[in-house]
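The structure appears right after this line, and notes come after that.
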Amino acid sequence: MKFTPLKLLAVIVLTAFINPLYTQNISGHVNDYSNSPISDVAVLLNNKSIAKSNAEGVFTLPKAYLLPLTVELKHPNYYIKTVTLTQNNSVFQLSILEDTLHLEEVTISSTYQKESQVIIPTAKISSQKFAEYSPVDLVSALNETPGVYIQSGALNTNRIVIRGVGSRTLYGTNKIRAYFNGIPITNGIGETAIDAFDPEDIGSLEIVKGPKATQYGTNLGGTLLLNSTQASEGETFIKSNLTIGSFGLIKNNVSVATANEKLAINLNYDHLKLDGFRDNSNYNRKAVLLTSNYKFNAKNDIGVLINFTDYFAQIPSSIGETAFNEDPSQAAFTWNAAQGFEDNKQVLIGLNYTHRFSDHFSNTTSIFYNYLDHYEPRPFNILDEYTNGYGIRTLFAKDFKFLNQTAQLSFGGELYKDDYNWKTIENLYENNANNGSLEGELLSDNIETRNNLNAFATVTLPFTKKLKAQLGINVNTTNYEFKDDFNMGENNKNADRDFDPIIAPNLNVLYQFTSNINVFANISRGFNYPSIEETLTPEGVINPDLGPETGINYEVGSELFLLKRKLRFQLTAYLLDIDNLLVADRVGDDQYIGRNAGKTEHKGIELSASYSNKFKNGFLLSPYINAEITDHRFIDFVDDQNDYSGHQLTGVPKVKMNGGIQLGFKNFNLNTNFLHIGEMPLDDANTLFSDAYTVFNTKLSYKNSIAKNFEIEINIGVNNFTDEQYASSVLINTVGFGNSEPRYYYPGMPRNWFSGIKIAYAI
């Protein structure tokens with residue numbers, strides 16, 4: 001039987017009006033001050049643990065209890081709180097825990113591997129926030145964060161810009177560092193691709209804006225810390241989510257997990273297929289994620305991570321203004337003719353071991369390996385490459401007494417090395433009878449070896465009960481080796497480059513006036529290295545004068561909570577001065593060289609406001625708004641004979657705003673949100689700007705327990721429901737070759753719908 005959207009709607013309506021015949025288990029929801037869920041909160045009855053909250057902050061009592069029921073909530077980072085569960089709601093939402101002051105808990109280094117431990121506020125995105133969007137959409141949840149802007153040309157083409165850093169990267173992301181379950185997923189030249197991970201497999205994502213996370217490399221853009229979903233102790237479940245939608249969307253995610261006091265295993269499988277709304281834009285991805293942890297005893301445990309991704313993605317590429325206005329669904333002419341695509345196979349393997357020397361001293365050491373096999377036919381040539389990366393990371397964590405309070409010290413190092421093998425091949429697509437790309441003669445054959453070493457230390461000192469300071473330092477050394485296996489004799493381009501070590505200090509200060517208001521400040525130094533290709537001259541010779549970007553970040557802000565902490569405000573102002581700005585000059589179809597062109601100044605104000613309240617009748621009201629106003633400019637930038645000093649930084653909007661509202665009643669939940677992006681300059685001369693745009697999305701879901709331990713959710717959503725025509729990503733300073741028009745624009749998705757059904761069975 002053909003499964004149509006109309007039939008799915010009928011199922012939703014029918015299910016919504018069926019009166020549940022089964023008794024639901026008692027459950028609750030635990031949030032922190034920012035309304036993010038808290039996992040691993042123990043629910044105690046008569047000092048005995050009867051449940052524990054999962055990654056979404058939800059706990060369910062394993063058997064029927066008489067209500068009202070008084071229990072205690074216990075978590076090492078919060079004071080114990082006594083609450084009473086009643087029959088007012090089928091899903092009882094507990095009030096948030098009442099204090100931010102930490103108990104003198106044991107410092108566990110495995111926690112340091114998953115969280116930045118930065119004492120001033122960072123942006124944290126939960127799996128609950130990802131669930132408000134389409135399960136295909138990883139970008140929109142991140143774009144809610146003020147100061148973060150992700151331009152998405154396609155599912156496999158994302159550029160992450162944090163406070164203006166990374167806007168000049170033409171393709172992909174290379175100004176941040178990212179980790180998955182404590183394992184680095186950024187390669188040897190700083191490139192990061194987050195599309196290898198399924199949003200449904202991510203339990204949390206922390207964004208550290210700027211070089212504040214000393215133990216994670218102090219890149220000028222910042223750090224992303226992704227963590228997978230995990231089963232809570234005593235939990236065993238099977239979950240499946242099937243989603244269909246516009247443009248041939250079919251997505252299925254299956255998760256199996258179990259956890260007890262000794263062993264935890266999570267296995268996730270994902271398959272995503274999408275035809276795309278543009279010509280030559282089919283996408284097909286299969287992924288498997290396995291995480292496991294085994295506790296030998298109170299002092300030792302071991303964990304494993306295996307992530308395999310295999311995807312095939314056609315490339316429509318960017319188009320010019322005329323094509324964008326007339327028919328944004330078309331692909332770039334040459335890319336369509338060559339039937340360009342990328343075929344990726346990627347493996348990430350990590351093994352970590354944690355040892356607790358005492359109650360106050362521990363170490364986690366990880367070894368890891370990643371492999372990428374990439375094949376990409378382009379109109380100008382065919383790129384055939386593979387990368388082997390491997391390394392080790394160790395982190396020690398120690399508690400000690402300072403002014404009669406508990407202070408923390410962490411220190412360690414990370415060594416990463418990868419071997420990048422790549423060659424280009426002539427593309428004979430024009431002679432292939434409209435059958436797409438065809439390999440011709442070999443054009444180049446190269447091997448790059450990239451080595452990165454980070455050593456770091458951070459100390460957190462409580463001077464008073466209200467004043468806390470955190471001082472960190474990172475020391476980095478990087479070198480590249482380039483081997484030319486194609487050219488011989490005097491044409492050979494073998495070279496190497498050793499960069500001088502960089503020392504990057506960091507200071508965070510937090511003052512807690514009361515439990516409802518704090519102020520914070522940061523001053524930190526960061527850096528970005530050029531890629532090895534950027535260090536080459538047009539003749540292919542290493543440029544010894546090209547150095548890394550360096551910068552100083554200054555930041556102040558405050559958090560305020562009102563109305564019994566249901567209303568939250570955060571205001572942050574920052575100034576980031578960057579010297580030796582790296583500029584990529586285009587000298588051919590696929591050839592860019594780098595140079596240090598001057599200085600930029602990044603200034604901005606970021607505001608977040610959110611309110612969340614669940615009323616006695618079960619109605620949930622949770623609106624939010626995020627905004628940023630920026631002034632990113634070239635301070636000293638002379639390009640050839642053109643002086644662009646004082647001009648607005650290219651590829652960054654001056655205004656970005658987003659917001660939304662979540663409405664819930666009993667088993668229904670409605671999320672509606674918007675994203676507004678202001679105009680941004682497309683060239684350094686500021687003569688051409690992209691148009692501002694606003695995109696609206698909405699999602700309605702219904703969740704219910706239809707049998708003991710069996711839960712079902714049905715949802716339907718519409719993205720861009722006003723059918724706005726906009727560019728979801730742009731290129732800067734593009735040039736047209738021959739008589740072709742410069743191709744600045746990646747068209748965003750038109751109005752599209754999706755609908756899914758989730759089932760979960762707890763054993």
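The values are calculated or read from the model by the stated rules, or taken from the named source; none is laboratory data. Owing to the predicted nature of the structure, the values given are computational and were not obtained by experimental measurement. Here the Cβ positions follow ideal geometry from the backbone for every residue, glycine too, while neighbour counts run over all protein chains shown. Accessible surface is based on the protein model in full, side chains and every heavy atom, while ligands, DNA and RNA are left aside. Shrake-Rupley method; radii C 1.70, N 1.55, O 1.52, S 1.80 Å.
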Exercise. For segment 461-538, restrict the atom set to alpha-carbon positions and state the Rg and Dmax in Å.
Key: 22.4, 71
Exercise. Can you tell me the relative contact order of segment 263-347? Whole percent, Cα pairs under 8 Å, sequence separation 6 or more.
Key: 29
Practice problem: Once you have all Cα-Cα distances for segment 280-357, histogram them in 10 Å bins from zero and send the whole-percent values. | Solution: 16, 26, 18, 16, 12, 9, 2
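Evaluate E = 1/(1 + (r/R0)^6) for T464 and A692, where r is the Cβ-Cβ distance and R0 equals 51 Å; express this FRET efficiency to the nearest 0.05. The partial results should precede the final answer.
Details: r = 47 Å, r/R0 = 0.92.
Calculated transfer efficiency: 0.65.
What is the sum of charges, Lys and Arg at +1 and Asp and Glu at -1, for the other residues whose Cβ falls under 14 Å from the Cβ of N697? Before the final figure, lay out each step's value.
Values: positive: K129, K699, R751; negative: E132, D137, E144, D723, E724.
Around N697, the charge tally is -2.
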Quiz item: With charges set only on the Cβ (+1 for Lys and Arg, -1 for Asp and Glu), what does the dipole of the chain come to about its Cα centre, in debye to the nearest 20?
Solution: 4480
Quiz prompt | Spatially proximal aspartates and glutamates relative to K614 (Cα-Cα < 16 Å; intrachain offsets below 8 disregarded) | solution = D32
Self-check item: Cross-link reach list, lysines versus K654, counting only Cα pairs under 27 Å and skipping chain neighbours closer than eight places
Solution: K124, K129, K175, K209, K212, K599, K603
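With all protein chains present, how much of the accessible area of segment 176-320 (probe radius 1.4 Å) comes from carbon and sulfur, to the nearest whole percent?
Working: 2570 of 4370 Å².
That fraction is 59 percent.
With the Cα gyration tensor of segment 390-531 giving a ≥ b ≥ c as the square roots of its eigenvalues, does the rule (a/c under 1.5 for rounded; else a/b larger than b/c for prolate; else oblate) give rounded, prolate or oblate? The partial results should precede the final answer.
Numbers: a/c = 3.95, a/b = 2.60, b/c = 1.52.
Judged from the Cα gyration tensor, segment 390-531 comes out prolate (a/c at least 1.5, a/b above b/c).
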Self-check item: Subset of K262/K468; K81/K465; K251/K423; K273/K345 violating a 24 Å alpha-carbon distance limit
Solution: K262/K468; K251/K423
Self-check item: Residue-averaged [θ]222 nm for the chain, counting only DSSP H segments that reach four residues, each worth -39500 (n - 2.57)
Solution: -1000 deg cm²/dmol
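Quick one: what do you get for segment 177-248 if you divide its Cα Rg by 2.2 N^0.38 Å?
Working: Rg = 15.6 Å, N = 72, 2.2 N^0.38 = 11.2 Å.
For segment 177-248, the normalised Cα radius of gyration is 1.39.
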Quiz item: Hey, what do the phi angles of segment 490-506 turn into as Karplus ³J(HN,Hα) couplings, whole Hz, using 6.51/-1.76/1.60 and θ = phi - 60°, x for Gly and Pro?
Solution: 5, 7, 5, 10, 3, 6, 9, 8, 10, 8, 5, x, 10, 9, 10, x, 7
Quiz item: Which value, in Å² and to the nearest 10, is the accessible area of K286 when all protein chains are kept and the probe is 1.4 Å?
Solution: 100
Exercise. With a 1.4 Å probe and all protein chains in place, put E321, E724 in order of accessible area, largest first.
Key: E321, E724
Quiz prompt | Per residue, in Å², the accessible surface of the chain once ligands and nucleic acids are set aside, probe 1.4 Å | solution = 43
Quiz item: I763 to E321: FRET efficiency via 1/(1 + (r/R0)^6), r the Cβ-Cβ distance, R0 56 Å, to the nearest 0.05?
Solution: 0.50
Practice problem: Would you rank M680, M488 by solvent-accessible area, highest first, keeping every protein chain in place and using a 1.4 Å probe? | Solution: M488, M680
Exercise. Mind jotting down the three principal axis lengths of the chain based on Cα atoms? Whole angstrom, largest first.
Key: 83, 69, 47
Quiz prompt | Taking segment 388-530 and dividing mean pair separation by its residue count, relative contact order in percent (alpha carbons under 8 Å, at least six apart) | solution = 18
Exercise. Please give the length that would be gained between K417 and T84 if that part of the chain were fully extended, namely 0.36 nm times their separation in residues minus their C-alpha to C-alpha distance (nm, one decimal).
Key: 114.5 nm
Quiz item: What are the residues whose amide H is under 5 Å from the amide H of N752, where those residues sit 5 or more places off or on another chain and H is modelled from the backbone?
Solution: N719
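Counting only other residues whose beta carbon sits under 13 Å from that of L242, what net charge do I get with K and R as +1, D and E as -1? Can you show the working numbers first?
Numbers: positive: K239, K251, K273, K758; negative: E200, D270, E713.
After counting each charged neighbour, the total is +1.
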Practice problem: Please work out the C-alpha center-to-center distance from segment 661-719 to segment 611-640 and express it in whole Å. | Solution: 15
Self-check item: Span from the segment 337-398 Cα centroid across to the segment 209-236 one, whole angstrom
Solution: 15
Quiz item: Helix 5-16 versus the longest principal axis of the chain: what angle, 0 to 90°, nearest 10, using Cα atoms?
Solution: 20
Self-check item: Distance histogram for segment 374-474 (every C-alpha pair counted, 10 angstrom bins, percent rounded to whole numbers)
Solution: 13, 24, 16, 14, 13, 11, 7, 2
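Report the semi-axes of the equivalent ellipsoid for segment 245-304 in whole Å, largest first, where each axis is √(5λ) for an eigenvalue λ of the Cα gyration tensor. Can you show the working numbers first?
Numbers: eigenvalues 294, 22, 6 Å².
Whole-Å semi-axes of the equivalent ellipsoid: 38, 10, 6.
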Quiz item: Using a Förster distance of 22 Å, how high is the FRET efficiency between V556 and I503, based on the Cβ-Cβ distance and rounded to 0.05?
Solution: 0.40
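Relative contact order, percent, of segment 185-318 when contacts are C-alpha pairs under 8 Å separated by at least 6 residues? Please report the intermediate quantities before stating the final value.
Values: 277 pairs, mean separation 20.7, N = 134.
Over segment 185-318, the number comes to 15 percent.
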Exercise. Report the label-to-label distance for H360 and S444 in nanometres (one decimal), using points 7 Å from each Cα along the Cα→Cβ vector.
Key: 5.6
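Order I306, I119, I150, most accessible first, counting only protein heavy atoms with a 1.4 angstrom probe. Don't skip to the end; give the middle numbers.
On the way: I306 65, I119 35, I150 5 Å².
Descending order: I306, I119, I150.
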